[in-house]
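Notes follow once the structure below has been shown.
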Amino acid sequence: MIAAILFRGLVFALLWWVLAEGRADAWGLGVAAAMAATLASLWLLPPGRWRIGTLPLLRFLLFFLWNSLRGGLQVALMALRRWPGLRPAIQEISLALPPGAPRLLLLNALTLMPGTLGVRLSDDGKLQVHALDASLPVAAEVRTLEAHIARLFGVARGGMP
């Protein structure tokens, strides 16, 4: 528990330092913000339930950054087309990830994937996804993201560790 508090506190302090552009006069508020963020993170995601390894985290970050860039470029190209011809659609996809942090990460990470937005996550594991174009391979994108998140959290899809 102490290690989780120290690690999270350090991460939030580092984030504050980056946001404050390294200004020393911002630390009065920064300390309070880092402490509040640490307490909120401990309450929302208690330590010990999920173990995330360094290598899976690095792999996920690389995957996420690449797909965020790819998604931004894809949406920009769609917007610049003379006639976008978009066919927006809502698709419902059943998730195999366990409830809690893995599903929430998938919902939030999906927002930065190519042409998609997580709309609703139901208690029974159904995810509604808004796609800019119905012809996009949304289900395949969700399955790929789901596999990366399962590896990140060290769980088998279907929810069993």
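Just so you know, all these numbers are worked out from the coordinates, no wet-lab data involved. All values reported here derive from a predicted model rather than from experimental measurement. Heads up, the Cβs are rebuilt from the backbone with ideal geometry, glycines too, and the neighbour counts pull from every protein chain shown.
Computed from backbone phi, the HN-Hα couplings of the stretch 30-41 come to x, 5, 5, 5, 5, 5, 5, 5, 5, 4, 4, 5 Hz, rounded to whole numbers (Karplus: 6.51 cos²θ - 1.76 cosθ + 1.60, θ = phi - 60°; Gly and Pro given as x). Here the stretch 21-159 is treated with +1 on each Lys and Arg Cβ and -1 on each Asp and Glu Cβ, and its dipole about the Cα centre works out to around 300 debye. For Thr116, Thr144, the sequence from fewest to most other C-beta atoms within 10 Å is Thr144, Thr116. Put simply, the amide H of Gly115, placed in the peptide plane, has neighbours under 5 Å in Val75, leaving out anything fewer than 5 places away on its chain.
Classify the chain from the C-alpha gyration tensor, please: rounded if a/c falls under 1.5, else prolate or oblate depending on whether a/b exceeds b/c.
Values: a/c = 2.36, a/b = 1.43, b/c = 1.66.
It is oblate, given that a/c is not under 1.5 and a/b is not larger than b/c.
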